[in-house]
Every structure is written in C-alpha cells, then in structure tokens.
Amino acid sequence: MTRRQPARRFPRTARVNEVVRETLAEEIERLSDPRLGFVTVTGVEVTKDLRLADVYYSVLGTPEERVESSNALRSASPHLRAVVGREVRMKYNPELRFREDQAIAQGQRIEEVLRSIRDGTVQRDGEETT
C-alpha cells in the first residue's frame with residue numbers, strides 16, 4: 001500500500017513565481033541604471049514548463065519615464081536572466097518578458113473618477129460637467 005502525500009499548501013508554480021519575483025526585485029534595486037528610478041516588480045508568472053516568465057512591473061512617473069524604464073528593463077534582461085539562473089534552482093532558466101502592470105494606472109483612474117463624482121464634477125469624453 002502506498003502512502004499518499006498530504007496536499008501542499010501552495011502550488012509549485014506559485015512558489016516559483018514568488019522566488020523569481022523576489023530575486024528580480026532585489027537585483028533591479030542593485031542596478032545602477034538611472035532609468036530604473038521607481039520600478040517595482042509587482043508579480044511574475046512562470047509557465048509550467050519553466051521556459052518563460054512574464055515579469056509585471058509598475059513605474060511611478062511620467063509616460064516618458066515609463067518608456068525609459070521599459071527600455072532599461074529590456075536592456076538589462078540578459079543580466080537579470082543570468083541572476084535568476086544563479087540564484088534560483090530550476091530545470092530551465094526562463095526567458096524574461098517584461099510587461100507593465102496596468103492595475104496601478106487603472107486604480108488611479110478609478111480613484112480620479114470617484115473623486116470627481118464626490119466633488120460633483122463628472123468627466124465624459126474629455127468634457128467636464130457639473
């Protein structure tokens with residue numbers, strides 16, 4: 001009779017995602033590229049075969065600063081991938097794809113709309129009404 005293993009509390013991919021996110025966040029903080037001023041790694045999704053990782057990040061700043069940060073992350077990708085390969089023991093070293101996390105921008109837009117409703121001014125298609 002075989003013994004069944006108790007169900008794990010967290011799925012393996014969730015643990016891998018978190019370890020890769022922490023590793024990348026720490027390394028991005030160490031980089032000396034001034035274009036990476038206010039970049040925050042918000043999440044990582046590694047595919048089940050561990051060959052690809054979507055890295056979600058947010059940037060505080062103007063649209064120009066967000067573009068600069070995006071370019072900086074893409075240029076630092078080989079270095080960051082090498083760090084993940086050294087720090088995290090996995091069968092494969094995943095290719096990193098950087099994606100800007102839209103959740104923060106959407107949250108700010110929702111707050112702006114709610115604030116305008118509370119203040120009595122509602123914006124519709126660029127027009128302000130009272």
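What per residue convex hull volume, in Å³, do the alpha-carbon atoms of the stretch 9-130 yield? Walk me through the numbers on the way to the answer.
Details: hull volume 16.8 nm³, N = 122.
Output value, Cα hull per residue: 138 Å³.
Can you list the equivalent-ellipsoid semi-axes of the stretch 85-124, largest first and in whole Å, using the square root of 5 times each Cα gyration tensor eigenvalue?
Values: eigenvalues 373, 17, 5 Å².
After diagonalising the Cα gyration tensor, the semi-axes are 43, 9, 5 Å.
Which length gain, in nm to one decimal place, applies between residue 40 and residue 91 when the Cα-Cα distance is subtracted from 0.36 nm times their residue separation? Display every interim value, and only then the final one.
Values: separation 51, 0.36 × 51 = 18.36 nm, distance 2.66 nm.
The residue 40-residue 91 span can extend by a further 15.7 nm.
So, for the stretch 1-111, what is the accessible surface per residue at a probe of 1.4 Å, expressed in square angstrom? Show your work: numbers first, answer last.
Numbers: 8000 Å² over 111 residues.
Accessible area per residue: 72 Å².
Express the carbon and sulfur contribution to the solvent-accessible surface of the stretch 1-101 as a percent, rounded to the nearest whole number, probe 1.4 angstrom. It would help to have the intermediate numbers written out before the result.
Details: 3440 of 7160 Å².
Whole-percent figure for carbon plus sulfur exposure: 48.
Rank by packing, highest mean first: peptides 90-103, 107-120, with packing defined as the count of other Cβ atoms within 10 Å averaged across residues. Could the numbers behind the result be given before it?
Details: 90-103: 14.9, 107-120: 10.3.
Ranking the peptides 90-103, 107-120 by packing returns 90-103, 107-120.
Would you tally the net charge around residue 77, using a Cβ to Cβ cut-off of less than 9 Å, leaving residue 77 out, and scoring K and R as +1, D and E as -1? Please report the intermediate quantities before stating the final value.
On the way: positive: 74, 81, 97; negative: 95.
My count for the surroundings of residue 77 gives +2.
Starting from one equal scatterer on each C-alpha and no solvent at all, send me the Debye-based log10 I(q)/I(0) for the stretch 62-102 at q = 0.13, 0.15, 0.27, 0.29 Å⁻¹, two decimals.
So the normalised log intensities are -0.34, -0.43, -0.91, -0.98.
Could you state how much accessible area residue 60 has, in square angstrom rounded to the nearest 10, with a 1.4 Å probe and all protein chains kept in place?
Taking all protein chains as shown, residue 60 has close to 110 Å².
Modelled label-to-label distance, residue 60 and residue 99, 7 Å Cα→beta-carbon offset: nm?
2.5
The values are calculated or read from the model by the stated rules, or taken from the named source; none is laboratory data. Because the structure is a prediction, the values reported are computed rather than measured. All Cβ positions, even for glycine, are placed from backbone atoms using ideal geometry, and neighbour counts span all protein chains on display. For accessibility, only protein heavy atoms count, side chains too; no ligands or nucleic acids. Shrake-Rupley method; radii C 1.70, N 1.55, O 1.52, S 1.80 Å.
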